[in-house]
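Just so it is clear, none of the values below were taken in a lab; they were calculated from the coordinates. For clarity, every value in this text was computed on a predicted model and none was experimentally measured. Positions of Cβ are generated from backbone atoms using ideal geometry, with glycine treated the same way; all protein chains shown enter the neighbour counts.
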Number of protein chains: 2
Amino acid sequence: MSERFTTTQIQRLIELNAGEDREKLEFESTEERNRNYKIIEGALVKEHKEKIKKLLEKDRRPLSLQIIRNLESWLFEEGFTQVVTPTMISSSMLEKMTITKDHPLTNQVFWIDSKKCLRPMLAPNLYEVMRDLYKVSKDTVRIFEWGSCFRKESQGAEHMNEFTMLNFVELAGVGEGCQMERLKSLAISAMKAIGIEDYELVTEKSEVYGETLDIVSGELELASGAYGPHFLDSKWGVFEPWVGIGFGIERIAMKLGQYETIKRVGRSTTFLDGSPLSL
Amino acid sequence: MSERFTTTQIQRLIELNAGEDREKLEFESTEERNRNYKIIEGALVKEHKEKIKKLLEKDRRPLSLQIIRNLESWLFEEGFTQVVTPTMISSSMLEKMTITKDHPLTNQVFWIDSKKCLRPMLAPNLYEVMRDLYKVSKDTVRIFEWGSCFRKESQGAEHMNEFTMLNFVELAGVGEGCQMERLKSLAISAMKAIGIEDYELVTEKSEVYGETLDIVSGELELASGAYGPHFLDSKWGVFEPWVGIGFGIERIAMKLGQYETIKRVGRSTTFLDGSPLSL
């Protein structure tokens, strides 16, 4: 008779990022199983304790924040300016993104009251700021923001209710017809700054949304780009060509840190930088 | 007969940060008033346009983010590690901070549903993380976080519904009796890192909350420190001495940028780095 780990044991092994290979081991007896569990669990706890000590003594910054640092440095080099906009946005801002009652995203929005919600994306605020800055500068506007966005997700391995986006936009930087080329060049440059080599640029065309560019690694979507003129632009008073890419910071941390679930690298009080805090 | 600026004119002058001296000017005639308004308004718009261009072309980062950068650099030098915790916290976390129905802060909390709210402060999450890290490291824990906190404020000149706090804590760093000395030394060092010289350290004693340390400049409270053993500690499972200071980033930006109202330097789509975007 073959024995497998108990549910409790498996839960702990998952928490410790043991990997499917080890979670699925089979044993000849309960005794052997428990002995092996103890060995594996102990080794993983030791490993995570060492990782946490390294974080406290050496790295000082979780991987997700290091990724943001690297993107920031790259964006400053490329001439972008960092902005900070509100986490709470108005329902009218959502409506301008066509997120009305028919839109699939509606049910995922966290509402504070009938008129205010937590932003599900950075785009609405960036539309406003880039338009106003263009009026002032009458020249190419390059801005970016990073921060929390909120969606009621099913909380699968790749989704969280609160996640971190970094979004840049460049307005009036390149002429009509050159946007996709510019997007691709910025995407390649960003991936270099982050240190990811095995990725694909996936373009898609839609009559409504125009042409989009996704940065995909394996089955994980790391970032998503778009450009204008876009059917939403006139609602925002934007009339120049633009390009923009939004990066899912925790997705990138999953990829770089080889984690199977996103919550390990997200904002949390139970995990820190991939390690569980209950050790 | 003396003429003063109209309400509309004054609103625009306030938006442009004209200063009370200029807002209260008196004129001999309506014509003279309007002529003067045009001159002042024009000069201020030009000034703000130049400020925005400097931000886009040179500084690349609003004052508030520069302050955070300076505090981060200083904290890394002092051996602190940066953490990221959730913006949404549970009602039980609030209760552990004694923010129950009788507490003055209760009415200022933004609720998402009956069990989740937007954090009004960083302390609850930091309590949890520092406790767990101490269990792992069995040594001094130095961590900090910065991010948005939320309170339903009357929205006066010094308050906003969404504001940015940077909070550091040091657990088991100094022994009993030395906490206030350590707090003061860290406060002085932080102010040096930010570049503020004219401030006072104000200590207060309360039977319930223990001894606290505020960093005050003029009438503006820039930061607030506390230490433990504290009456809340046992609820969090914290039993070692600790010290911590929370900085109001926009307050510090008001002080450094000489702005009269906090919303000019806060997260916004109408202001950027002290300047209105409608120019």
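Taking A:Val136, is it surrounded by 20 or more Cβ atoms within 10 Å (Cβ to Cβ), over 27 Å from B:Val84 (Cβ atoms) and not charged (D, E, K, R)? Judged against the criteria, A:Val136 is a match.
The lone criterion from (1) surrounded by fewer than 21 Cβ atoms within 10 Å (Cβ to Cβ); (2) touching a strand residue (DSSP E or B) at 6+ places or on another chain (Cβ under 8 Å) left unmet by A:Met130 is number (1).
Scanning the stretch A:100-140 for residues that are over 20 Å from the mean Cα position of the chain (by Cα), within 13 Å of chain B (Cβ to nearest Cβ) and of a type in the set (Gly, Ala, Ser) yields a single hit, A:Ser137.
Counting the residues of the stretch B:129-183 that are in a strand (DSSP E or B) and touching a residue at least 40 places away in the same chain (Cβ under 8 Å) gives 18.
Of all residues in the stretch B:141-198, those satisfying the criterion of being in contact with a strand residue (DSSP E or B) (Cβ under 7 Å, 6 or more places away or on another chain), more than 30 Å from A:Lys54 (Cβ to Cβ) and away from every other protein chain (no Cβ under 14 Å) are B:Glu158, B:Met180, B:Lys184, B:Met191, B:Ile196, B:Asp198. As a summary of the residue check, A:Arg61 satisfies the conditions (1) part of a helix (DSSP H, G or I); (2) touching a strand residue (DSSP E or B) at 6+ places or on another chain (Cβ under 9 Å); (3) within 10 Å of chain B (Cβ to nearest Cβ) except for the one numbered (1).
The lone criterion from (1) more than 14 Å from chain A (Cβ to nearest Cβ); (2) over 30 Å from B:Lys53 (Cβ atoms) left unmet by B:Phe247 is number (2).
In the stretch A:1-27, the qualifying residues are those that are among the acidic types (Asp, Glu), loosely packed, with under 12 Cβ neighbours inside 10 Å and assigned to a helix (DSSP H, G or I), and the one that is farthest from the chain's Cα centre (by Cα) is A:Asp21. Residues in the stretch A:85-114 that are among the polar types (S, T, N, Q) and either touching a Ser or Thr at 6+ places or on another chain (Cβ under 6 Å) or within 18 Å of B:Met160 (Cβ to Cβ) (or both): A:Thr85, A:Thr87, A:Ser90. Residues in the stretch B:28-47: is at least one over 30 Å from A:Lys138 (Cβ atoms), more than 14 Å from chain A (Cβ to nearest Cβ) and either of a type in the set (A, V, I, L, M, F, W, C) or not in a helix (DSSP H, G or I) (or both)? For the stretch B:28-47, residues over 30 Å from A:Lys138 (Cβ atoms), more than 14 Å from chain A (Cβ to nearest Cβ) and either of a type in the set (A, V, I, L, M, F, W, C) or not in a helix (DSSP H, G or I) (or both): present. Candidates in the stretch A:234-274 are the residues that are surrounded by 22 or more Cβ atoms within 10 Å (Cβ to Cβ) and among the acidic types (Asp, Glu); of these, the one that is farthest from B:Phe144 (Cα to Cα) is A:Glu250. Contact map, the stretch A:192-204: first residue free of Cβ contacts under 8 Å to residues at least 40 places away in the same chain, second residue part of a loop (DSSP other than H, G, I, E, B), Cβ cut-off under 8 Å, separation 6 or more or different chains; pairs are A:Asp198/A:Gly218. Residues in the stretch A:228-241 include at least one that is away from chain B (no Cβ under 14 Å), in a strand (DSSP E or B) and in contact with a strand residue (DSSP E or B) (Cβ under 7 Å, 6 or more places away or on another chain). So if I check each of A:Leu105, A:Leu118, A:Leu126, A:Leu94, which one is closer than 26 Å to A:Ile262 by Cβ and touching a Gly at 6+ places or on another chain (Cβ under 8 Å)? Matching residue, one of A:Leu105, A:Leu118, A:Leu126, A:Leu94: A:Leu126.
The set of residues from the stretch B:21-77 being among the aromatic types (Phe, Trp, Tyr) and touching a Phe, Trp or Tyr at 6+ places or on another chain (Cβ under 8 Å) comprises just one member, B:Tyr37. Applying the selection to the stretch B:78-99, what residues are part of a loop (DSSP other than H, G, I, E, B) and within 10 Å of another protein chain (Cβ to nearest Cβ)? Answer for the stretch B:78-99, where residues must be part of a loop (DSSP other than H, G, I, E, B) and within 10 Å of another protein chain (Cβ to nearest Cβ): B:Gly79, B:Phe80, B:Val83, B:Val84, B:Thr85, B:Pro86, B:Thr87.
Within the stretch B:186-208, the residues that satisfy the criterion of being under 19 Å from B:Ser64 (Cα atoms) and part of a loop (DSSP other than H, G, I, E, B) are B:Gly195, B:Ile196, B:Glu197, B:Asp198, B:Tyr199. With respect to (1) among the β-branched types (Val, Ile, Thr); (2) crowded, with 20+ Cβ neighbours inside 10 Å; (3) touching a residue at least 24 places away in the same chain (Cβ under 8 Å); (4) within 26 Å of B:Met160 (Cβ to Cβ), the lone exception for A:Ile67 is condition (4).
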